[in-house]
1. Are any residues in region 264-304 without any contact (Cβ under 8 Å) to a residue 12 or more places away in the chain and closer than 21 Å to Leu434 by Cα, and if so, which ones?
2. Counting only residues that are outside any helix (DSSP H, G or I) and over 17 Å from Glu631 (Cα atoms), which one in region 561-581 is most open to solvent (accessible area, probe 1.4 Å)?
3. Identify, by number, the condition in (1) surrounded by fewer than 21 Cβ atoms within 10 Å (Cβ to Cβ); (2) closer than 30 Å to His506 by Cβ that Ile420 doesn't meet.
4. Does Ala45 satisfy being farther than 26 Å from Leu382 by Cβ, of a type in the set (Gly, Ala, Ser), open to solvent by 10 Å² or more (accessible area, probe 1.4 Å) and not in a strand (DSSP E or B)?
5. Sort out which residues of region 451-505 are open to solvent by 10 Å² or more (accessible area, probe 1.4 Å) and β-branched (Val, Ile, Thr), and write them in order of number.
6. Just to be sure I understand, how many residues within region 62-114 are modelled with pLDDT under 90, of a type in the set (Ser, Thr, Tyr) and either in a strand (DSSP E or B) or crowded, with 21+ Cβ neighbours inside 10 Å (or both)?
Amino acid sequence: MTARIYLTSAESRTGKSAVALGVVETLLKDAPKVGVFRPLIRSRAEHDRLLEMLLYRAKADINYDDCIGVTYEEAHADPDQAVTTIVERFKALEKQCDAVVIVGSDFSDVASPTELAFNAKIAANLNAPVMLILGGRDSTDVESLGQSAARTPAEIASVADIARQQLKEEHARILATVVNRADPEATEEIKKAVERAIPRHPVWTIPENSLLVAPDVATVLEALGGSLVRGNEELLEREVQNLIVAGMRMENVLPRLTEGAMVVIAADRTETLIAITMAHEAATFPTISAIVLNGHFELAPQIEKLLDGIDSSLPVIRVNLGTFASVQRIMGARGLLTKFTQRKYDTVMAMFNDNVDTAELREHLAIDSGDVRTPAMFAHELFDKAKAANSHIVLPEGEDDRILRAANTILARGIARLTILGEETSVRKRAGELGLDISAATIINPKTSEQLDSFASEYARLRAHKGVTVEQARERMVDVSYFGTMMVHLGLADGMVSGAAHTTAHTIRPSFEIIKTRPGVSVVSSVFFMALSDRVLVYGDCAVNPDPTAEQLADIAISSALTSQQFGVEPRIAMLSYSTGDSGTGADVDKVRKATLIAQKSRPDLLIEGPIQYDAASDPQTGAAKLPGSEVAGRATVFIFPDLNTGNNTYKAVQRAAGAIAVGPVLQGLNKPVNDLSRGATVVDILNTVAITAVQAGMADATTNNPDEDG
C-alpha cells in the first residue's frame, strides 16, 4: 500500500505549510515519488499556493488537477458526496506515487467548530494516520508583521485534548503531534503537557522563528499598492523584520535603524531619505530592507541627482497614503512560504530536522524503495552525509552572489562550516542586502590576513625547487585560489570549492603545486555523478585529462571506484571502448585493454570489465549477449571513458537527452579535496559541490604531502 500521512490543524495560523514541507522532504529520502493531495481547496479558478509549493519541492511531475479533491463550496453543499469524491480522487493519485502527503483544510482565518471533525472523517476514509499540528501562538490575536502572543503549555494542552477527542470520534488514528511556533523558552514544558493530553504518541515541538512569519518587501509593496521608484528588484525578496516610522530628525532616526528594517518616511523629509540611504550603504550601519515614501510630494531634481550619485540598490517605494494608513497595511502583510522564498525554505528545513525525529517518522511510514535511487534521494543522502562529516570548507569567491546564496543555505542546514574569502565589510553588506544570513561564516581578506606571511613562507618552501622566492610567494598568496588552497594544505580548512568566477586552471593549478596527489596515485582526475530518474551512475574522466595513458586510465578507474563507494554507489566498473571483449583491435582499444589488466591486477577485489561498449555495459540483454557470464556487463555503475573528448560529450548528451542531473566535476586523487565549479554554476550546483567536498574531507585518509613531487 502507498505510504500516506494526513496533516491537519485544530485551528488557523499554525504554520502547517512549514510542517508539510518538512514532511515532504523527509519522505523524499526514501520514496522515489512523493505526491501531495489537498482534499479541499478554496477555488478551482485559482491555484492553491501551498499545493503548488509542495509539488514544486517534491518534483514528482504530477498534474496539479490530479492532486485536488473538492472545493469548500462543494463540501458545504453535500458533505457525504464530497467525501466520496475525495476518496475516489485520492485513490487515482496514489497509483502514481510511492507516498502521499495529504494536507488538510484551512477553511477560514477563524476555524469553524466542525473543521477538524471533517478533516478527521476524511483521514479515516483515506486510511491515513494523522499528524496533528497545534499552534504555539494565539490564532485570534491580531498579528503585526507576523508576530502574535505565545500560548502557555496549559493552553496548548487544552487544545490538544479537544482535538484528540474529535479525531477519536471520527475514528481517525493519530501518528504524531507537532506543536509549531512554540515559545522557544517553554518547548520542554509544552512537550510534556501535550504528551499528557495525547499519550502514547510522539510529540515534537518546533520553536517560533520570526523570519518565517515576516513578509518580504514584494509582499509589502503589493499590500501598499505602491510602486518601486528606485533600487534593485532582486532585493524585493528580502524579509521585513522590523518597522520604523521616521517622524523625527535624522540624527534621532539613525540610532534606531536595525538589520532588515523597513523605514517609513514622509516624501518631503528629503534630508532623512538621504541620510538613511547613505547609512544603508555605510559599513558602520545595518542594511535595511526598504524605504517607503508617503504622500504626494515629488522629489526635487537636485535630490534625485544626489541619490543617483549615492548609487544605492536599496528599494524605495512610493505610496499616495498617509503614514497611519501605510503602517496599517505594512503591519497587516503576512509572510507566506512559497516556492521562491529560499531563505525561508532553508530555515524551515533546519528547524524541522533539528526538532522533529525524522528517523522515527520515516520508520512509522516504512517505505520500501527497492533498488530505486532518484536524484532527490541522492541529494538528501548527500546532504545528510555532509552534515555528519561536519567539514570546514573554504569558498574563495565571496564577491559572487551565487556563493553568498549558497553559503546561506549551507550554514542554515548545517551542511558544512564555512570560511569565505573577500573584503569582510563588503561581503557581509552584500549578504545583508540580499536578505541572507552568513553570520556563522568566517570572512578573511587574503590581502590583509595576518596569515599571509606564514602562507608565503610555506609556499616558497614547497616551490623552492622552482626557484620561487618569499617575495614572489607573497604576491602569489594574495590570490584567493592560492590562499584558499594553502588553508586546506595547512589544515585550516578541510576542503575548497572554487570556479564560479575563475577558470578551471586557476582553481586546480594551486592544488597541483601545494596539495599534490595521494601516494600511489599518478594522476588527478574527475567524475560526474549522473543522477537518472531511478539510479545514480558515475562517469570518469569527463573534465581533466585529454588523452590518458593506459596506466593513467587504470588509475582513473580505481580512483572512480573509491569515489563511488564514498557516495553509496556500488562500483561495477566498465572500461569503455568501441569494441567489447576480444572483438576489436587498434591502438585505442589496445590502450583500454591494457588499462583494464593493470587495474584488475592492482585491485583484484573490484569488479572491472573491459574493453566494453556502452550498450553492453548498461543494457542487461546486450551485455548478456556480448559478454555472457560477466558480473559487470549490463549492470555497470562506473563508466570509464578512454579520453576526454568521448567522456565530456557523452555526459552532456546523457544530461540533455535523458534529463539526467550531472553533479560535478568531482576531483579525485588529491591529498585533500578541492573541487571546481563551472562559471555558469547555479546555486544548486554550488550546494552539491560543497556537500561532496565536505563528504570527501570527512572520509579522507590521513595523508602527508610529498614535497619532492613536482606539481
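1. Quick first cut of region 264-304, residues without any contact (Cβ under 8 Å) to a residue 12 or more places away in the chain only: 282, 284, 301-302, 304.
Those that are without any contact (Cβ under 8 Å) to a residue 12 or more places away in the chain and closer than 21 Å to Leu434 by Cα: Ala282, Thr284.
2. Top of the filtered list is Tyr578.
3. (1)
4. Here the answer is yes, as Ala45 does meet what is asked.
5. Those that are open to solvent by 10 Å² or more (accessible area, probe 1.4 Å) and β-branched (Val, Ile, Thr): Val468, Thr469, Val470, Val478, Val480, Thr503, Thr504.
6. Matching residues across region 62-114 total 1.
Yes/no per residue for (1) assigned to a helix (DSSP H, G or I); (2) closer than 23 Å to Ala279 by Cα:
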| position | (1), (2) |
| --- | --- |
| Thr419 | no, no |
| Thr425 | yes, yes |
| Lys429 | yes, yes |
| Gly432 | yes, yes |
| Asp437 | no, yes |
| Lys447 | no, no |
| Glu450 | no, no |
| Phe455 | yes, no |
| Glu458 | yes, no |
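Residue-by-condition table, conditions (1) over 28 Å from His280 (Cα atoms); (2) touching a Gly at 6+ places or on another chain (Cβ under 7 Å):
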{"site": "Arg417", "(1), (2)": "yes, no"}
{"site": "Glu423", "(1), (2)": "no, no"}
{"site": "Gly432", "(1), (2)": "no, no"}
{"site": "Thr442", "(1), (2)": "no, no"}
{"site": "Ser449", "(1), (2)": "no, no"}
{"site": "Glu458", "(1), (2)": "yes, no"}
{"site": "Phe483", "(1), (2)": "yes, no"}
{"site": "Val488", "(1), (2)": "yes, yes"}
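The values are calculated or read from the model by the stated rules, or taken from the named source; none is laboratory data. The structure displayed is predicted, hence computed values, not measured ones. When we count neighbours, we look across all protein chains shown, and the Cβ atoms used for this are built from the backbone with ideal geometry, even at glycine. With ligands, DNA and RNA removed, areas are computed over all heavy atoms of the protein, side chains included. Shrake-Rupley method; radii C 1.70, N 1.55, O 1.52, S 1.80 Å.
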